[in-house]
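The values are calculated or read from the model by the stated rules, or taken from the named source; none is laboratory data. Because the structure is predicted, anything quoted here is derived from the model rather than measured. Because the Cβ atoms are built from the backbone with ideal geometry, glycine has one as well, and the counts that use them run over all protein chains shown. SASA here: full protein model, heavy atoms, side chains in, ligands and nucleic acids out. Shrake-Rupley method; radii C 1.70, N 1.55, O 1.52, S 1.80 Å.
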Amino acid sequence: MADEVASKEGGRLELVGVRRAFGAYNALNGIDLAVEPGEFIALLGPSGCGKSTALNCLAGLLDLTGGEIRLAGKRIDDLQPEARGFGMVFQSYALFPHLTVRKNVGFGLAMQGVTGAEANRRIEQALALVRLQGQEDKLPGQLSGGQQQRVAIARAVVIRPPLVLMDEPLSNLDAKLRLEMRAEIRGIHDQIGATTIYVTHDQDEALSLADRIVVMREGAIRQIGTPQDLYERPSHPDVAEFMGFRTRIPGKIVFLNGDRAVVEAGGTRLEAMPAGPLTAGDRVTVVIRPEDLVAEEGTDGIAATVDSIEYRGRAWFGLATGADGARLYFRADRPLARGHAISLKPVAERTLLFRDAA
Amino acid sequence: MIRDQSLAARLWRFAVWAVVALFVVNLIGVIAAVLVNSFGTRWLGTWLPAAWTTRWYFSAWREFQLTPVLIVTFEIVFTVVVISGLVGVTSAYALARRDFPGKRLVVLAFLLPLLVPPLTYGIPLATLLYRIGLGGTFWGVVAANLVPAVPFVVLVMIPFIEQIDPRVEQAARVFGASTTSLFARILLPLLLPGMLAALLLVLVRTLAMFELTFLTAGPTSQTLVVALYYAVFASGVRAPQSIDAMAVVYMVTTLFWLVIALQFVNPTQIVARAKQRTADA
Amino acid sequence: MAAAAQGVMRRPPLRKRLAARGLDGTTLLVLPGIALMLALFVYPFAYGFVDSITPREGPWFANYHTFFTDPFQYRTIAATLWLALPVTIINVVVAIPIAFRVRLMRRQRLLTTILVLPVTLGTVLVADGLLNFLGPQGWFNRTLMLAGILGAPLKLTNNYWGVFASLVITGFPFAFLLTLSYVTGIDPAVEQAAATLGARARQRFTRIFLPLLLPGLAVTFCLSFVQAFSVFPSAVLLGAPAGSTRVISIAAYQAAFEQYDHSLGAAIAIIMGLVQLVIVLAILGLRPLFYRGPVAGTKG
């Protein structure tokens, strides 16, 4: 079974200085990326960051205005989409509404000239892969959203593409189905072994699915790394924000102490980890996750007043305002009244310092 | 969005745009010919008239008695707009909000007058109107023009009303609105944009409606377009420039309202809005 | 059973029972509209039909007999079809590729606004303009002669071609705008999906777009045809109303309002409606073969 559905060996995918402009607007500002065969890559970023543009450029649905795309050493960016042989799953599924499930899945095979028993066998396998047997003769309009999504995936992988492109495939599903399909998509990837590029704005999805994540902002790549890299060592404040470092306060380096730095911020002195080379006197942004900013008795932390607090199982999480007006997302081990004065202490090894642009 | 840059694809694209350009150039030529002729002194065997003048407009206004014709035209058109607005919107409201036995038949009765060409039903209708003494009168013309106008308003308004959440009306009821204040304060403001679009389109369509008015109008109940037809029909009698001056007057009156209507609707909707629903019926 | 049992117990008041079937005060709002349609559309049609089978003299079918035995009359059907069918086919077939191009245009509005002009202005004005434009000294002939395509001006008015041109000028924008509204209703991602699956432009058109578009094209064809078939003012003004462009509407009009034989006029109008009906039913009869359903994509 695994052999039958396995993808053709794709080879290394390379994007070199890929640019795309719409008139004066640069949607992609020179993207460089190399993807190993069989990798699962997530393009992560807020809407308008260029991630969908990048995917459409890979699919051939958009022309590049600069740079090259190579697959296994061969240039493919001048090929029409129909000549690339990639499988693509669209956000709206884009199933052919007038064709049955069988014919939708078989469409790519028919285009390749694969017909008859061979085509039927592969359609059956693809439908088995997405667990959709018995629905072959229905029209897409008769299926639920989740089933349509499965058809779209089967249609994309049945042609054994070297590269599978997925454009926010789960965004039209409800929360429960989204979690279910997330696990299935990873499972299908592991079975067929095709290189997969997955576009999403949801960091949970990216973290749980991808081998490596590419974080994009304003048409450029901010950081590439494994989920663990990104989660623990974001290299840019934008990436940190995406990874859940919600509190951002300005500060100034007092002195360096081994691999740690002492910083003056929020009206006190804190210890934190520099995310890059720093020297004493540098202006920095201090970023902290809510679970690492702890409300304590005492006065040696960041002085703040509680605005709101809610119980999220095990601990209370809240929002407080610092003396200088900063918004501080914190954790507490007991409920605190609104207006209560607190002292917030960050956990030094998980508090990051980014040097501000001059 | 998928750009095929092969030679065949480029040639095909070029051919398609060439046909569009050819059509638009000819269309503008047809309209411009009327315009140019109406301002020309003498135009025989040359690209443009010998000299320019506005005197044809004065003579056309006099010869074709355009003042009374325009007055009658607008009386007829506005009467049709008001009646079709009242009748059309109430019918559309009932059809959008209620499911009742025989509804499909009712919808069909509103669809058919838009599908059957006016001339086909105009002849028996005109015969009947003459038989009961309305033929050739103001009200005869209004009655005939209501046949396509009311269904048009109904079919434009049904989807418009359907997209207004009925819970808005229920909420108003809950807060104690009477039927009158429900209508005046809630429904009317919500319906206004759709009504404006529908009625402006009815206005333009009635101004340009030739067949029904032609079959039912008498000497004192002719609209501008029918007067224009008679002028072109008897073209030996008057100077062609004078006829074209009248055509320009007709064009300006119609386009004035068309431009206003286009502020509220997409050009595609002028043909498609009402017709597209027939695909589902 | 259950309903009958309830009825035995206690029948709800009539008003409640009617309301349950959708008949209440709001439903009554439809009555003025229905009354108007019955009085001005349904009744005149019925009246016309009865009128047509009560001829001034002879048996009930005398009018129809007259029409189908007099070549001057029955040939109008062929003359009208000979105009309406080619024009409609050309208008619809040309509209398809253009609608596909215009769909991709970012600024469609200027073009659609220009094209809506002839639909709005109507055939009388277009006929007036074409008399000048297509005339022996008109811009059309002058341009062709300047380009060296013609030696002498073509005769394009007061014959078949004048009417043909007027039906293209008013009919093409109509067919185009209607087709455009159907084409833009198709989710562009569906085409992109076909492309990524290896379908070339021609295959995307024949396998995806055409099947999705056929029902809409059938409706467009019917509406365009019905309009062309009832051509009247331009056939009189631009054609040869006593000769090659004596279309059926002229025959009906002359019978009813020039010979004052309203009975014969009604009969011809009914024949005209029947011919339209036959063609429309023939086209719509093909529709069960087409896919019918949403084309805007399959989003749950």
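Do you know which of the residues in region B:1-52 that are outside any helix (DSSP H, G or I) and surrounded by 19 or more Cβ atoms within 10 Å (Cβ to Cβ) is farthest from the other protein chains (Cβ to nearest Cβ)? Talk me through it step by step, then tell me what you get.
Here is the first cut: in region B:1-52, the residues outside any helix (DSSP H, G or I) are B:1-6, B:39-52.
Now drop any that are not surrounded by 19 or more Cβ atoms within 10 Å (Cβ to Cβ), which leaves B:2, B:39-40, B:43.
Working: B:Ile2: 6, B:Phe39: 13, B:Gly40: 11, B:Trp43: 8 Å.
So, considering only residues that are outside any helix (DSSP H, G or I) and surrounded by 19 or more Cβ atoms within 10 Å (Cβ to Cβ), the one farthest from the other protein chains (Cβ to nearest Cβ) is B:Phe39.
Would you check if there is a residue in region B:188-204 being part of a helix (DSSP H, G or I), at the interface with chain C (Cβ under 9 Å from one of its Cβ atoms) and crowded, with 21+ Cβ neighbours inside 10 Å?
Yes; the residues of region B:188-204 include at least one that is part of a helix (DSSP H, G or I), at the interface with chain C (Cβ under 9 Å from one of its Cβ atoms) and crowded, with 21+ Cβ neighbours inside 10 Å.
Could you identify the single residue in A:Gly251, A:Gly313, A:Gly298 that is open to solvent by 40 Å² or more (accessible area, probe 1.4 Å), not assigned by TED's automatic domain parsing to the domain that holds A:Leu33 and not charged (D, E, K, R)?
Values: A:Gly251 fails: open to solvent by 40 Å² or more (accessible area, probe 1.4 Å); A:Gly313 fails: open to solvent by 40 Å² or more (accessible area, probe 1.4 Å).
Going through A:Gly251, A:Gly313, A:Gly298 in turn, just one is open to solvent by 40 Å² or more (accessible area, probe 1.4 Å), not assigned by TED's automatic domain parsing to the domain that holds A:Leu33 and not charged (D, E, K, R): A:Gly298.
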Can you list the strands (runs of 3 or more DSSP E) found entirely within region A:19-112 that contain at least 3 residues being open to solvent by 40 Å² or more (accessible area, probe 1.4 Å)? A:25-35
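For region A:93-101, indicate whether the set of residues that are touching a residue at least 60 places away in the same chain (Cβ under 8 Å) and closer than 13 Å to C:Ala193 by Cα is non-empty. Show your work before the answer.
Start the filter on region A:93-101 by keeping residues that are touching a residue at least 60 places away in the same chain (Cβ under 8 Å), which leaves A:93, A:95.
Now restrict to residues that are closer than 13 Å to C:Ala193 by Cα: A:93, A:95.
Among the residues of region A:93-101, at least one is touching a residue at least 60 places away in the same chain (Cβ under 8 Å) and closer than 13 Å to C:Ala193 by Cα, which makes the answer yes.
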When C:Arg103 is evaluated against the numbered criteria (1) under 14 Å from B:Val20 (Cα atoms); (2) more than 7 Å from chain B (Cβ to nearest Cβ); (3) crowded, with 22+ Cβ neighbours inside 10 Å, which criterion, by number, is the only one it fails? (3)
Residue by residue through region C:237-249, note down the ones that are over 19 Å from C:Leu264 (Cβ atoms) and either under 18 Å from the mean Cα position of the chain (by Cα) or open to solvent by 10 Å² or more (accessible area, probe 1.4 Å) (or both). C:Leu237, C:Ala240, C:Gly243, C:Ser244
Residues being crowded, with 17+ Cβ neighbours inside 10 Å and of a type in the set (D, E, K, R): count how many of those fall in region B:54-101. 3
I'd like the full set of residues that are open to solvent by 10 Å² or more (accessible area, probe 1.4 Å), within 12 Å of chain C (Cβ to nearest Cβ) and touching a Gly at 6+ places or on another chain (Cβ under 8 Å), limited to region A:159-173. A:Asn172, A:Leu173
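What tally of residues in region A:257-275 results from selecting those that are of a type in the set (A, V, I, L, M, F, W, C) and either assigned to a loop (DSSP other than H, G, I, E, B) or open to solvent by 80 Å² or more (accessible area, probe 1.4 Å) (or both)? Step through it out loud before you land on a result.
Our first condition is that a residue be of a type in the set (A, V, I, L, M, F, W, C); within region A:257-275, this holds for A:261-263, A:265, A:270, A:272-273, A:275.
Okay, now just the ones that are also either assigned to a loop (DSSP other than H, G, I, E, B) or open to solvent by 80 Å² or more (accessible area, probe 1.4 Å) (or both), so A:275.
Residues that pass the stated criteria total 1.
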Residues of region C:24-41 satisfying the condition of being facing chain B (nearest Cβ under 7 Å) and under 26 Å from the mean Cα position of the chain (by Cα): C:Gly33, C:Ile34, C:Leu36, C:Met37, C:Leu40, C:Phe41
Out of all the residues in region C:210-222, is one or more assigned to a helix (DSSP H, G or I), more than 8 Å from every other protein chain (Cβ to nearest Cβ) and under 30 Å from A:Leu173 (Cβ atoms)? yes
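Can you spot a residue in region A:183-196 that is touching an Asp or Glu at 6+ places or on another chain (Cβ under 8 Å), open to solvent by 10 Å² or more (accessible area, probe 1.4 Å) and either modelled with pLDDT of 90 or more or away from chain C (no Cβ under 12 Å) (or both)?
Filtering region A:183-196 down to residues touching an Asp or Glu at 6+ places or on another chain (Cβ under 8 Å) leaves A:195-196.
From what is left, the residues that are open to solvent by 10 Å² or more (accessible area, probe 1.4 Å) are none.
No, the conditions are met nowhere in region A:183-196.
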From the residues in region C:258-294 that are within 20 Å of B:Phe214 (Cβ to Cβ) and open to solvent by 40 Å² or more (accessible area, probe 1.4 Å), which one is nearest to the other protein chains (Cβ to nearest Cβ)? C:His262
Mind listing whichever residues of region B:126-145 are open to solvent by less than 10 Å² (accessible area, probe 1.4 Å) and either at the interface with chain C (Cβ under 9 Å from one of its Cβ atoms) or closer than 18 Å to B:Leu95 by Cβ (or both)? B:Ala126, B:Leu129, B:Ala144
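Please verify whether B:Ala184 is open to solvent by less than 50 Å² (accessible area, probe 1.4 Å) and assigned to a helix (DSSP H, G or I), treating the condition exactly as stated. Please lay out each step first, then the result.
Details: open to solvent by less than 50 Å² (accessible area, probe 1.4 Å): no; assigned to a helix (DSSP H, G or I): yes.
For B:Ala184, the condition - open to solvent by less than 50 Å² (accessible area, probe 1.4 Å) and assigned to a helix (DSSP H, G or I) - is not met.
So if I check each of C:Ala199, C:Ala152, which one is without any contact (Cβ under 8 Å) to a residue 60 or more places away in the chain and more than 10 Å from every other protein chain (Cβ to nearest Cβ)?
Numbers: C:Ala199 fails: more than 10 Å from every other protein chain (Cβ to nearest Cβ).
Result: C:Ala152 is the single residue among C:Ala199, C:Ala152 that is without any contact (Cβ under 8 Å) to a residue 60 or more places away in the chain and more than 10 Å from every other protein chain (Cβ to nearest Cβ).
Which residue, of A:Pro234, A:Pro227, is in the same structural domain as A:Leu55 (by TED's automatic domain parsing), touching a Gly at 6+ places or on another chain (Cβ under 9 Å) and farther than 23 Å from A:Leu71 by Cα?
Details: A:Pro227 fails: touching a Gly at 6+ places or on another chain (Cβ under 9 Å).
The conditions single out A:Pro234.
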Got a sec? Which of B:Val142, B:Val82, B:Val106 is assigned by TED's automatic domain parsing to the domain that holds B:Glu169, at pLDDT below 95 and assigned to a helix (DSSP H, G or I)? B:Val106
Would you mind stating whether B:Ser221 is of a type in the set (Ser, Thr, Tyr), facing chain C (nearest Cβ under 9 Å) and either open to solvent by 30 Å² or more (accessible area, probe 1.4 Å) or in contact with a strand residue (DSSP E or B) (Cβ under 7 Å, 6 or more places away or on another chain) (or both)? no
Of the listed residues (C:Ala228, C:Ala252), the one being at the interface with chain B (Cβ under 7 Å from one of its Cβ atoms), at pLDDT 90 or above and under 23 Å from the mean Cα position of the chain (by Cα) is C:Ala252
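Filtering region A:128-144 down to residues that are in a helix (DSSP H, G or I) and in contact with a helix residue (DSSP H, G or I) (Cβ under 7 Å, 6 or more places away or on another chain), which residue is surrounded by the most Cβ atoms within 10 Å (Cβ to Cβ)?
Looking only at region A:128-144, we keep the residues that are in a helix (DSSP H, G or I), and these are A:128-129, A:140-142.
Checking the rest, the ones that are also in contact with a helix residue (DSSP H, G or I) (Cβ under 7 Å, 6 or more places away or on another chain) come to A:129, A:140.
On the way: A:Leu129: 21, A:Pro140: 24.
If we take residues in region A:128-144 being in a helix (DSSP H, G or I) and in contact with a helix residue (DSSP H, G or I) (Cβ under 7 Å, 6 or more places away or on another chain), then A:Pro140 is surrounded by the most Cβ atoms within 10 Å (Cβ to Cβ).
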For region A:316-334, give me each residue that is among the charged types (D, E, K, R) and surrounded by fewer than 17 Cβ atoms within 10 Å (Cβ to Cβ). A:Asp324, A:Arg327, A:Asp333, A:Arg334
Search region C:266-289 for residues that are of a type outside the set (Phe, Trp, Tyr) and part of a helix (DSSP H, G or I) and pair each with any residue that is modelled with pLDDT of 90 or more and open to solvent by 80 Å² or more (accessible area, probe 1.4 Å) when their beta-carbon atoms are under 7 Å apart and the residues are at least 6 apart or on different chains. C:Ile270/C:Phe49
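When the residues of region C:157-174 are filtered to those that are of a type in the set (Val, Ile, Thr) and over 16 Å from B:Val25 (Cα atoms), which remaining residue is surrounded by the fewest Cβ atoms within 10 Å (Cβ to Cβ)? Give the derivation first.
Narrowing region C:157-174 to residues of a type in the set (Val, Ile, Thr): C:157, C:163, C:168-170.
Those left that are additionally over 16 Å from B:Val25 (Cα atoms): C:157, C:163.
Working: C:Thr157: 23, C:Val163: 30.
Once the filter is applied, the top-ranked residue is C:Thr157.
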